[in-house]
Amino acid sequence: MAGKVANLGLDTGLLRAGERVCVAVSGGADSVALLLGLLEANTQSAQNREPLGVVLSAAHVHHGLRGAEADGDAAFVRELCGRLGIPHKQLNVDVASRQVLEGEGMEEAAREARYLALRSLDVDVVVTGHTLDDQAETVMMKLLRGAWTEGLGGISPVVQGLGKPRTVRPMLGVRRVEVEKFLQDRGQAWHEDATNQDVSLTRNRVRHELMPMLRSFNPGIDVALARLAAIARGDEAFWQAEVARLLPQLLLPGSPVRGGGRAVSTAVGEAAWAVEIPRLAAMPAALRRRVVRAAAKSCGARLSAEETAKVLALAGLCEDSGRAVKVSGRTGSRLELAGGLRVERSARELRFWREG
């Protein structure tokens with residue numbers, strides 16, 4: 001079943017015959033093209049290829065924002081699905097309330113609410129219309145924020161659902177201009193979200209200001225960034241497997257006690273782990289950073305790039321090539337990091353735990 005849909009370039013190899021596939025349709029060009037492309041692949045043979053053979057449906061998420069314009073998008077998607085004969089469901093979310101409850105920005109709150117709603121669907125796969133342009137913009141935003149390798153991987157083509165529908169992005173190899181031509185060739189209209197022009201939003205500023213400037217230096221920058229993302233995902237997959245293999249040998253539970261052995265708390269939420277500093281020092285820098293981050297993750301916390309550098313400096317292993325990291329490496333020194341994570345140095349260990 002692997003192959004390309006004529007004139008669009010969907011990676012249909014990410015889907016399997018018989019699966020219940022729901023397309024997330026906002027009404028914008030990308031998602032409308034995705035819906036039409038999958039419908040064409042599902043209902044006819046093209047270039048001697050077998051039909052896709054999935055059970056197609058669509059979902060539209062109404063974010064409770066933009067008033068009448070958002071209502072118009074919902075009506076457009078409802079009419080489109082009715083005309084195409086595709087089952088359709090509208091999911092209503094309250095982004096404004098989520099912002100207040102979670103303390104998130106509007107973009108983040110909308111994204112999290114949207115995916116939470118889509119993951120609630122009783123389907124096998126949720127398909128979204130992210131393009132190569134989206135991938136390039138995402139990688140650039142991650143670079144600007146100082147992301148690690150996993151961040152530079154950008155938008156993953158497949159995200160496993162852990163009991164929920166997996167998320168699939170079959171258009172990551174397709175340019176936005178190709179999407180619009182695909183729709184124009186079929187006489188299919190779409191809705192433009194007016195907020196996509198709002199350069200007060202980070203992604204729009206990257207899209208409308210930064211990416212055009214970068215293309216003046218390298219017209220192929222979008223493809224180059226998408227290639228970087230693929231390389232980063234491959235590297236990160238290797239390192240995740242390597243760290244998972246080594247971590248049981250490196251993480252020590254609790255804290256050492258006089259006379260030998262270790263004291264381990266059994267209270268909920270009081271897990272503590274330690275790593276021996278000499279073993280960290282003997283590791284290649286790439287592995288050392290990942291072990292420290294994995295130790296923090298074992299306590300339910302995530303380390304930023306700057307925090308990772310501080311933890312390594314606490315161990316006397318400072319390797320930050322940017323600004324100096326001013327952290328004492330004396331025995332008994334402690335770091336208080338985001339999310340309640342605490343890291344303390346003893347003579348031979350770094351101990352990780354969470355408070356609060």
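Peptides 234-245, 109-120 ordered by packing proxy, namely the average of other Cβ atoms within 10 Å per residue, highest first: 109-120, 234-245. Pairs Lys142/Lys164; Lys89/Lys181; Lys142/Lys297: which are spaced more than 24 Å apart, C-alpha to C-alpha? Check vs 24 Å cut-off fails for Lys142/Lys164; Lys89/Lys181.
Where the alpha-carbon atoms of the chain are placed on the principal axes, they occupy 77, 48, 45 Å, in descending order.
Only Cα sites of the stretch 63-160 enter the Debye sum here, all with the same form factor; the resulting log10 I(q)/I(0) across q = 0.19 1/Å is -1.22, listed in q order.
Each Cα pair under 8 Å and six or more residues apart adds its separation to the average, and for the stretch 12-236 the resulting relative contact order is 23 percent. Here the spin labels are modelled as points 7 Å beyond Cα on the Cα-Cβ line, and at Ser120 and Leu201 they lie 2.2 nm apart.
Put simply, the convex hull of the Cα atoms in the stretch 1-151 casts, on average, a shadow of 10.3 nm². Angle of helix 221-250 to the longest C-alpha principal axis of the chain, folded into 0 to 90 degrees and rounded to 10: 40°. Here the chain carries DSSP beta bridges of which approximately 55% are antiparallel, counting only pairs with both residues inside. Check which residues have an amide H placed less than 5 Å from Leu91's amide H, if you skip close sequence neighbours. When sequence neighbours closer than 5 places are left aside, the close amide H contacts are His60, Val61, His62. Rounded to the nearest 10 degrees, the angle from helix 67-84 to the longest Cα principal axis of the chain is 60 degrees. Taking the longest Cα principal axis of the chain as reference, the axis of helix 176-185 is set at about 20 degrees. Dipole check for the chain: with +1 at the C-beta of Lys and Arg, -1 at the C-beta of Asp and Glu, and the Cα centre as origin, the magnitude is about 1500 Debye. Using the Cα centre of the stretch 5-155 as the reference point, and only Cβ charges (+1 on K/R, -1 on D/E), how large is the resulting charge dipole? Debye, rounded to the nearest 20. For the stretch 5-155, the charge dipole is close to 280 debye. Protection proxy ranking of 163-171, 27-35, 300-308, by the mean of other Cβ atoms within 10 Å over each peptide's residues and highest first, is 27-35, 163-171, 300-308.
How high is the FRET efficiency between Glu79 and Glu209 when r is their beta carbon distance and R₀ equals 25 Å, given to the nearest 0.05? After rounding to 0.05, the efficiency reads 0.15.
Ser333 sits among other residues whose Cβ lies under 10 Å from its own Cβ, and their net charge, with Lys and Arg +1 and Asp and Glu -1, is +2.
Each value in this text was obtained by applying a stated rule to the coordinates, not by laboratory testing. As the structure is a prediction and not an experimental result, all values here were calculated from the model. When we count neighbours, we look across all protein chains shown, and the Cβ atoms used for this are built from the backbone with ideal geometry, even at glycine.
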